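The values are calculated or read from the model by the stated rules, or taken from the named source; none is laboratory data. All values reported here derive from a predicted model rather than from experimental measurement. Methodologically, a virtual Cβ is constructed for each residue, glycine included, from the backbone with ideal geometry; neighbour enumeration extends over all protein chains shown.
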């Protein structure tokens, strides 16, 4: 977990949290993230999720896709974001 702006976000463990949700858990133990990660990238990812109305783990329920599609829809998108942020940082 991390506070990013005025939001508290889950930065890792989405699959485990979703599996717990499917098993009926309404709460799970979490830990505050202490490492310095690419918070600019996380901010963009949070924006993407908000645009798709994904605000909680429960919102993923009808959005599970095959691994092949996940690679395109999420992983490649994140790779492109990483490239864009690196270019942007070089410019400044």
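How many of the residues in region 2-49 are within 22 Å of residue 85 (Cα to Cα), assigned to a loop (DSSP other than H, G, I, E, B) and in contact with a helix residue (DSSP H, G or I) (Cβ under 8 Å, 6 or more places away or on another chain)?
Adding up the residues that qualify gives 4.
Pairs, please: C-beta under 6 Å, at least 6 apart or cross-chain, first residue on the phi < 0 side of the Ramachandran plot and touching a residue at least 40 places away in the same chain (Cβ under 8 Å) and in region 1-13, second assigned to a loop (DSSP other than H, G, I, E, B) and surrounded by 14 or more Cβ atoms within 10 Å (Cβ to Cβ)?
Between residues of region 1-13 that are on the phi < 0 side of the Ramachandran plot and touching a residue at least 40 places away in the same chain (Cβ under 8 Å) and residues that are assigned to a loop (DSSP other than H, G, I, E, B) and surrounded by 14 or more Cβ atoms within 10 Å (Cβ to Cβ), the close pairs are 2/11; 2/33.
With the structure loaded, tell me whether residue 59 is within 13 Å of residue 14 (Cβ to Cβ) and surrounded by 11 or more Cβ atoms within 10 Å (Cβ to Cβ) or whether it fails that test. Break it down stepwise before answering.
Values: within 13 Å of residue 14 (Cβ to Cβ): yes; surrounded by 11 or more Cβ atoms within 10 Å (Cβ to Cβ): yes.
Considered against the rule, which asks whether it is within 13 Å of residue 14 (Cβ to Cβ) and surrounded by 11 or more Cβ atoms within 10 Å (Cβ to Cβ), residue 59 comes out as yes.
Output the number of residues of region 50-75 satisfying the condition of being in contact with a helix residue (DSSP H, G or I) (Cβ under 7 Å, 6 or more places away or on another chain), outside any loop (DSSP other than H, G, I, E, B) and either free of Cβ contacts under 8 Å to residues at least 40 places away in the same chain or under 23 Å from residue 88 (Cβ atoms) (or both).
1
Do you know which residues across region 17-26 are modelled with pLDDT of 95 or more and over 13 Å from the mean Cα position of the chain (by Cα)?
Here is the first cut: in region 17-26, the ones modelled with pLDDT of 95 or more are 17-25.
Correct list: 19, 20, 21, 22, 23, 24, 25.
Please identify the pairs in which a residue from region 23-37 that is free of Cβ contacts under 8 Å to residues at least 40 places away in the same chain has its Cβ atom under 6 Å from the Cβ atom of a residue that is part of a loop (DSSP other than H, G, I, E, B), counting only partners at least 6 apart or on another chain.
Once the first residue is free of Cβ contacts under 8 Å to residues at least 40 places away in the same chain and sits in region 23-37, its partners that are part of a loop (DSSP other than H, G, I, E, B) give 30/1; 32/1; 33/11.
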